[in-house]
1. If a residue has to be over 14 Å from Gly662 (Cβ atoms), surrounded by 22 or more Cβ atoms within 10 Å (Cβ to Cβ) and within 27 Å of the chain's Cα centre (by Cα) to count, how many in region 564-585 make the cut?
2. Can you run down the residue pairs with Cβ atoms below 7 Å, 6 or more apart or on separate chains, where the first is in region 455-474 and within 14 Å of Leu306 (Cα to Cα) and among the β-branched types (Val, Ile, Thr) and the partner is open to solvent by 20 Å² or more (accessible area, probe 1.4 Å) and modelled with pLDDT of 95 or more?
3. Assuming Thr681 fulfils every condition listed in (1) open to solvent by 20 Å² or more (accessible area, probe 1.4 Å); (2) polar (S, T, N, Q); (3) touching a residue at least 12 places away in the same chain (Cβ under 8 Å) apart from one, which condition is it?
4. Return the only residue of Glu192, Glu218 being more than 22 Å from Asn167 (Cβ to Cβ) and either within 35 Å of the chain's Cα centre (by Cα) or open to solvent by 50 Å² or more (accessible area, probe 1.4 Å) (or both).
5. Could you tell me whether Thr267 is over 27 Å from Arg303 (Cα atoms), in a helix (DSSP H, G or I) and β-branched (Val, Ile, Thr)?
6. Being of a type outside the set (D, E, K, R) and either more than 14 Å from Thr542 (Cβ to Cβ) or assigned to a strand (DSSP E or B) (or both) narrows it down to one residue among Pro482, Pro517, Pro527; which is it?
7. Mind listing whichever residues of region 317-349 are under 23 Å from Val400 (Cβ atoms) and either of a type outside the set (S, T, N, Q) or assigned to a helix (DSSP H, G or I) (or both)?
8. So which residues in region 684-717 are part of a loop (DSSP other than H, G, I, E, B), at negative phi and surrounded by fewer than 22 Cβ atoms within 10 Å (Cβ to Cβ), if there are any at all?
Amino acid sequence: MKLLLKLSAYFFLILIVISASVGIIFWYIWSSNLPYIGSLKEYRPPIISEIYSNDGEIIGRFWDEKRIVVQLTELSPYLIKAFLASEDARFYEHKGVDFMGIARALIKNLTAGRIEQGGSTITQQVARSLLLKNAKKTYRRKAREALLSLQIEKNFSKKRILFLYLNQIYLGHGAYGVEAAARTYFDKTAGELSLAESALLAGLPQAPSRYSPLSHFERAKARQKYVLKRMLENGFIAKDQYIYALNEDLHIGSATNNAFFKAPYFTESIRRRVIEKYGRDTLYRGGIKVYTTLDLKAQRLARDALKRGLYELDKREGYRGPISNLSPEEIPDYIVSATKKFELSPPEPGSVIEALVRKVDDSKNEVIVSIGDKSGRLALSDMKWARSPDLKVAYYSISVKKPSEVLRERDIILVKILNEKFRPPYDYDVSLEQVPVGQGALLCMAPETGKIIAMIGGRDFKNSQFNRATQSRRQPGSAFKPVIFAAALDWGMKPNDLIIDAPYVSDQNSDKETWKPKNYKDKFYGPTLFRTALAESRNVITIKILKKIGINYAINYAGKMGIKSDLSHDLSIALGSSGVSLMEITSVYSVFANGGKLVKPILIERIVDRTGMILEENYPETKKVMSTEIAYVMTDLLKAVIREGTGWRIKALKRPAAGKTGSTNNLRDAWFMGYTPELVTGVWVGYDNQKSMGKGETGSRAASPIWLYFMSDVLKGHPIVDFHVPEGIIFAKIDASTGLLSSPHSRKTLLQAFKEGTEPTEYSPMPKSPKPDQFFQFDMDN
């Protein structure tokens, strides 16, 4: 018996030794190569980078993990208590692993028949999230997690651990950390959260998708109730607070709010530039702050002006027809669907919506439409524009005579709500609409600094991300002529030079074929002043000027003025045959506005990293490329374009302005480039597929109204100032026909600016009959 007891004792001892040895071996294996916890001292998680307008408003956020790091002092006290109650009520009592908490959670979950409480402490969650995030879920990982938690508790304060946890944890819909979650779900900071809101957030860590208040509000409320109950049980809140929070109405925001769409083309340009210079991780993980030149008010005005102009162009192009036509059987379902849609979002004056044509009445010149379960009246006067598209016929020569020419019963169409409660029995007065298919771009900069204050790269960024202000290369047409005229003035020509506008034949085009350029509308005007040729955009005279100064000279001059795109080495560049970007041509016009100085366009004022260190700071960079006198003479000539020539619509601005229209062959492109002393703005209009616009859709008609809409609004309230006249400029009253000083024989006179020393000194004589060959000199190449 004693021997048996002794053997049993030996066996038990051996078993203990073996078990201890195995435990030590496993402990050694599991604890070997533990991650270095010192990395927690320098907590630099991926955080949101933000892009700001010039007044400090956010216009873009970029992230891999949507996180905004905040200190504990910036949080609502309810929030910290809610997370402690929900995740680790004994946080301030344990040393990293809570064995009592594990036992309690096990009992609670067995009793409930489902997992209601987790056994991991906040410290363990920090270890798992920051040090073991790529490890698979195994017993070894759990042991390593516990070991790391004990080490973390020895080396870091509870405040530090809580700071790491609340900034690191994932809370659904892309939000990492409590600050990003508060903004995502409640559109407020984590410091502004109420008890009810704090409890709702604290219920998310277990299953963010399952308990999302955006997707599953009732589940989120049930989880919130659990958290509030835990807070009450742990003495974090009183009974009356519990009841009040439980009944508080929660106003859940939208996770889809995106500041990016305030200025999408501009912000996308910033995104590309930052990635190109600093790399993707800097933008998406680095938490940088990019301060830009964008003026949000100007940006909104630019967007509205372009939209208005493109809608007007689209209507002039004609009506492309209804969206569809329903069968009688489809109508009931359509009405039910539309009614539900408009109940959720009632139409307002100005909104463009779908409508169903119920009756076309030619006798009353009206169409009755259904808008959900309501009705509207479409008068003939609000659809007269809807002629059949015909590029060969000007819009003003044809109009709709009766509604049945355009619509029929059961058509689905787009209408705009003009006002509410038109008159019984109709609910709305509407106009016929369609979504434009044309495109456009607008760019505005301050000429002295080069700061871009507005950029619209297209009609709708959601449909097309191609930026037509910076990425597109389109023929500028006559908008390029000021480059040729400026080069000619610098070469030695004068504003009062007389040039013959007559048929011209040349074989110096790119294909060495006979080329017979013409003026718009195929007219020629005989002897014409240099200044008048620019004001009235005479093609043939511009070609003659280019031929006189030389193609290479002009191309080099264009390069000095900011044109970086390749230009054709032939006479066609006089008419803007080579593609350039809107950014380039706007820079050219800024030279005139800026007294002959080319300024580098600036989109980014400065970039600051997450520590506040400045990575980049941009100041105006200018380069003198033209004399101040030549720049002013060009401004005076371009003012004449508006006073006397193709830019006449801009006179409605009622303040000094200079500019030039631009149109290309077959009316594929329409431009207006112009400036005031404060701003230089360029507008382009056309189709991406380079199809022709309708008859008469020149830069004057298609583009200059957009420029006018924008500049009228953006300069509203600003004092009216004229362009500064520099020293070295002489004004002379000249004869409009001869270009000499005006005399009693002058029928029409003009006040013209000259560079001092180039003004005329002779007076205009009595008119004489021209010699037979006078009008044809220099018209043929030798």
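1. Residues in region 564-585 being over 14 Å from Gly662 (Cβ atoms), surrounded by 22 or more Cβ atoms within 10 Å (Cβ to Cβ) and within 27 Å of the chain's Cα centre (by Cα): 1 in total.
2. Ile456/Arg303
3. Condition (1) is where Thr681 drops out.
4. Numbers: Glu192 fails: more than 22 Å from Asn167 (Cβ to Cβ).
From the options Glu192, Glu218, the qualifying one is Glu218.
5. Numbers: over 27 Å from Arg303 (Cα atoms): no; in a helix (DSSP H, G or I): yes; β-branched (Val, Ile, Thr): yes.
The answer is no for Thr267.
6. Details: Pro482 fails: either more than 14 Å from Thr542 (Cβ to Cβ) or assigned to a strand (DSSP E or B) (or both); Pro517 fails: either more than 14 Å from Thr542 (Cβ to Cβ) or assigned to a strand (DSSP E or B) (or both).
Answer to the selection: Pro527.
7. In the first step, residues of region 317-349 are kept if they are under 23 Å from Val400 (Cβ atoms); the result is 317-326.
Within region 317-349, Glu317, Gly318, Tyr319, Arg320, Gly321, Pro322, Ile323, Leu326 meet the criteria.
8. Tyr687, Asp688, Asn689, Lys691, Ser692, Gly694, Lys695, Leu715, Lys716
The values are calculated or read from the model by the stated rules, or taken from the named source; none is laboratory data. A quick note: this is a predicted structure, and the numbers were derived from the prediction, not measured. So basically every Cβ, Gly included, is an ideal-geometry build from the backbone, and we count neighbours across all protein chains shown. The area values use the complete protein model at the heavy-atom level, side chains included, leaving out ligands, DNA and RNA. Shrake-Rupley method; radii C 1.70, N 1.55, O 1.52, S 1.80 Å.
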